[in-house]
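The values are calculated or read from the model by the stated rules, or taken from the named source; none is laboratory data. Computed from a predicted structure; not experimentally measured. Heads up, the Cβs are rebuilt from the backbone with ideal geometry, glycines too, and the neighbour counts pull from every protein chain shown.
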Amino acid sequence: MVEEPIKIIKPKDVVRESKPSFQRPVSISITSPANNPTQESKSVENKTEATVYQNQEYTSEELNNAWKKFADTIPEQVRMTSFIQNTVPVLTPNSTFEVTVSNILQERELKRLQPDIQNFMQSILNNSSVRMTIKIIEESAVQRANSPEDRYKLFAEQNPALDILKNNLNLEID
């Protein structure tokens, strides 16, 4: 038996043998928006604006105008825009206003938008302590008019001119 000489491997040789046969492509570095210097300066500006405390008084009319302006900022949310335009907020003490809703779905949507609404109102009304409260008022049971006579009575209560029209035309209810 012939003894083979022991081959000594140097660390340098190991590195050469383990190199892949292909070249690695140059990598592209994408910096996050937080690392962007222009973004950092904007966020610093926003933080300083948030620390400014404003306490200007406002009226119900100014509140209502700001409320309607907020509806213009969310045109893609048709239901909420319609609700806001048809609802009048009530000014309450301590820089708060109350919005009355008739069901839980409206309450849920308003709660979802509440931070945006409050921030918008604070900036428009120049008052940092503006807060919104939501009040649910259950609508009374709607009178059901099942028969034609019941419907006529219900409509006549709402509009008395209907009686005059019925009598002048000598109409009968079927």
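Quick notes on this one:
- Residue within segment 163-173 that is touching a Pro at 6+ places or on another chain (Cβ under 8 Å) and free of Cβ contacts under 8 Å to residues at least 60 places away in the same chain present: yes
- Every pair of residues 6+ apart whose Cβ atoms lie under 6 Å, when the first sits in segment 97-126 and is in the same structural domain as T81 (by TED's automatic domain parsing) while the second is charged (D, E, K, R): E98/K135; T100/K135; V101/E107; S102/E139
- Restricting attention to segment 93-105, the residues that are closer than 27 Å to N126 by Cα, of a type outside the set (D, E, K, R) and surrounded by 12 or more Cβ atoms within 10 Å (Cβ to Cβ) add up to 6.
- Condition met for V88 (at pLDDT 90 or above, among the β-branched types (V, I, T) and in a loop (DSSP other than H, G, I, E, B)): yes
- Screening P75 on (1) within 17 Å of I136 (Cβ to Cβ); (2) exposed (fewer than 15 other Cβ atoms within 10 Å of the Cβ) shows it passes everything except condition (1).
- The set of residues in segment 91-106 being out of contact with any Pro (no Cβ under 6 Å at 6 or more places or on another chain) and within 13 Å of S60 (Cβ to Cβ) consists of L91, T92, P93, S95, T96, E98.
- Looking only at segment 114-165, and only at residues there that are at pLDDT 90 or above and basic (K, R), the one that is farthest from V99 (Cα to Cα): R131
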